[in-house]
Structure formats: structure tokens, C-alpha cells
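Worksheet: the structure to be examined is printed underneath.
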Amino acid sequence: MKGVFVIIDGSADLPCFQLNEKTPLEFAKTPNLDQIAFNSKIGYCFTVKEGVVPSSDTGVISLFGLNQRGLV
């Protein structure tokens with residue numbers, strides 16, 4: 001089985017006034033991401049222990065199984 005693992009790192013953001021109180025991802029036109037999502041199996045996971053706020057690099061590399069300082 002072949003697949004693609006898409007990580008949209010940095011897409012979480014806060015709503016802002018300039019975008020009518022939407023986040024950048026909510027405001028963006030995303031036809032390609034929408035098509036990928038429509039034809040995909042989508043899930044979520046906790047990449048670190050609950051209550052731990054990971055840095056971006058820790059969150060991404062933990063998706064691939066690296067346990068940094070016992071966070072996973």
C-alpha cells in the first residue's frame with residue numbers, strides 16, 4: 001500500500017481583524033487540500049502527552065515516532 005502523509009505545519013493560528021475574524025486557514029482558498037481531504041482517510045492523534053504543548057519541530061518529528069525527552 002502506498003500513501004502520502006501530509007503535515008500542514010504552522011496552519012494553526014488565531015482569527016484576525018484583517019481576515020474578518022477568520023484564521024488564515026479558514027480564509028484561504030484551498031481547492032487542492034479540499035480535494036485531497038475528500039479522497040482520503042483522515043485522522044488525528046496526540047503526538048505528545050496530554051497537557052504538553054510541543055514546539056513545531058517536536059510535534060512533527062514525533063509523528064514519525066521519535067521520542068524527545070519522554071514527551072511522547
From largest to smallest, what semi-axes in whole angstrom does the range 17-63 give when each is the square root of 5 times an eigenvalue of its alpha carbon gyration tensor? 25, 19, 9
Reachable aspartates and glutamates from residue 22, criterion Cα separation under 12 angstrom, eight or more residues apart if same chain: 13
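Where a number appears in this text, it was derived from the coordinates with a stated rule and is not lab data. Just so we're clear, the structure is a prediction, and the values are computed from it rather than from any experiment.
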